[in-house]
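Where a number appears in this text, it was derived from the coordinates with a stated rule and is not lab data. None of the values given here were measured: they were computed from a predicted structure. Note that each Cβ is placed from the backbone with ideal geometry, even for glycine, and that neighbours are counted across all protein chains shown.
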Amino acid sequence: MPKRPQDATPAPVPRQSDTPGAPLPDEVTPLLGNRTPRQFMRRYWQKKPLLIRQAVPGISAPLARDELFELADLDDVESRLITHFRNTWNLEHGPFAPDELPAVKKREWTLLVQGANLHDDRAHALMNRFRFIPDARLDDLMISYATDGGGVGPHFDSYDVFLLQIHGKRRWRIGVQRDLSLKPGLPLKVLQHFEPEEEWVLEPGDMLYLPPHIAHDGIAEGECMTASIGFRAPSAHELTAQFLYHLAERADEHAEGARANTRYRDPTQEPVGNPGALPALLVERVGAILANVNWNEKDVAGFLGTYLSEPKSNVVFDSPERALNEQKFAERAKKTGIRLDRKTNLLYDARSYFVNGEAAMLSSKLKKWLPELADTRRLEAKRFVTLTDESSMTALLHEWYRAGWIQMGAMA
């Protein structure tokens, strides 16, 4: 990528973030090429690609090759095997036993393991570096393992992505495409006429940011591993459908007396000679009923909180084998602190909090600690001690602990 001029604004003084690994909005960080998150978001986010050399200096893969293969063998892990043997693309879905994967010396195959951050603390910590972007938009960390020549073909994504090289080398070619047609008859979405505009070889610690719809093609040069930090970008169709379903589920909350439960009536309907035809009166009256459906900002926020905090269908929480009772839980937390489980999604706004797809009111007592827990994903032991006079906190956290949503210990 062409060199860009240095930022003209003075660099803010770096300071320690409250969230482990995540830079503060005005904190200069190597992760973004010695820019602040604010500078990056204003100049690059969803606007143009950015190559960052040594975004994470001295990085090592969060999972070794054999550990990644073991992860791909689990039932609750989404994994895919992509091969390009004899110039033919093939796609298989996991889980994969170790002996079901090709030999590591065989060229041109790729293993994709989705949501590695949900199953490994090291991968989770790496993804946490990107929490300068709201959790509601942050999706997961996928690890791609590839042998020499391996890749998934030239393609484009509908969401933002950071491509962080964590082992070996990968050659990336990118470009804006006029022709987005795909090769027919393939199990993958491979562009038919890919025209690259820029090209680089990324080594461990290097990172490439791509906004949506920038076509890219990554080819492994020798054995390599790449971490892809992806983001949620639901379509308008998906949001509309899910929001209407959300409203329908909560229809009783918006009911206005008996009118909401009144059944359809048509006392003025005339007899018909064409019974198969849809009655105009029916269309008119149902249209009037639907026109009375309304919502406000609170409804939208409630929908987004529950929808975006809902774990993926393959996520399973592990309850403690021998759960502590509430008193012993509180005693342990005073010594060790607590942390959110890797799989737990906790969001909040001014009125409510949303945890793993469930919503509840954010009371004045909860406001003393719950936003802190959501932002930092932990409560240190000393902090827990200062809050123990809030019995509602202990009871709620104990409930989450029994469900496997939080773990003992402020740090993994």
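Odds and ends about this structure:
- For the pair the stretch 289-308 / the stretch 340-367, the C-alpha centres are spaced 18 Å from each other.
- Each listed q (0.16, 0.21, 0.22 Å⁻¹) maps to a log10 I(q)/I(0) for the stretch 109-228 from the Debye sum over equal C-alpha point scatterers, namely -0.79, -1.29, -1.37.
- FRET efficiency estimate (nearest 0.05) - Cβ-Cβ, Glu321 to Asp75, R0 22 angstrom: 0.65
- For the stretch 299-412, average projected area of the Cα convex hull in nm²: 6.9
- Cα centroids of the stretch 115-144 and the stretch 173-240: 19 Å apart.
- Counting charges near Asn325 (Lys, Arg +1; Asp, Glu -1) among other residues having Cβ under 13 Å from its Cβ returns a value of +1.
- 5 Å binning of all Cα-Cα separations within the stretch 48-147, expressed as whole percents from 0 upward: 2, 11, 20, 21, 18, 14, 10, 3, 0
- Length-normalised contact order of the stretch 30-231 in % [C-alpha pairs under 8 Å, at least 6 apart]: 27
- Cut-off 12 Å (backbone N to label point 7 Å along Cα→Cβ of Ser363), residues of the stretch 371-412: 390-396
- Hull shadow area, averaged, the stretch 30-231 [alpha-carbon convex hull, nm²]: 10.9
- Only Lys, Arg (+1) and Asp, Glu (-1) charged, at Cβ; the chain dipole about Cα centre in debye: 1140
- FRET efficiency for the Ser235 to Arg42 pair, using the beta carbon distance and R₀ = 25 Å, is estimated at 0.45.
- D by Stokes-Einstein for the chain, Kirkwood Rh over Cα pairs, 20 °C, 1.002 mPa s: 87 µm²/s.
- When you count the other C-beta atoms within 10 angstrom of each residue and take the mean per peptide, 281-287, 71-77 line up highest first as 71-77, 281-287.
- Peptides 262-274, 43-55 ranked from most to least packed give 43-55, 262-274, packing being the mean of other C-beta atoms within 10 angstrom over each peptide's residues.
- Listed values for the stretch 384-398 are Karplus-derived 3J(HN,Hα) couplings in whole Hz (6.51 cos²θ - 1.76 cosθ + 1.60, θ = phi - 60°), namely 4, 4, 5, 9, 5, 6, 8, 4, 5, 5, 4, 5, 5, 5, 5, and x replaces Gly and Pro.
- Its Cα gyration tensor gives the stretch 363-410 an equivalent ellipsoid. The semi-axes, each the square root of 5 times an eigenvalue, are 15, 13, 11 Å from largest down.
- 3J(HN,Hα) from dihedral phi, the stretch 58-67, Karplus parametrisation 6.51/-1.76/1.60, rounded to Hz, x for glycine, proline: x, 5, 10, 4, x, 10, 5, 3, 5, 5
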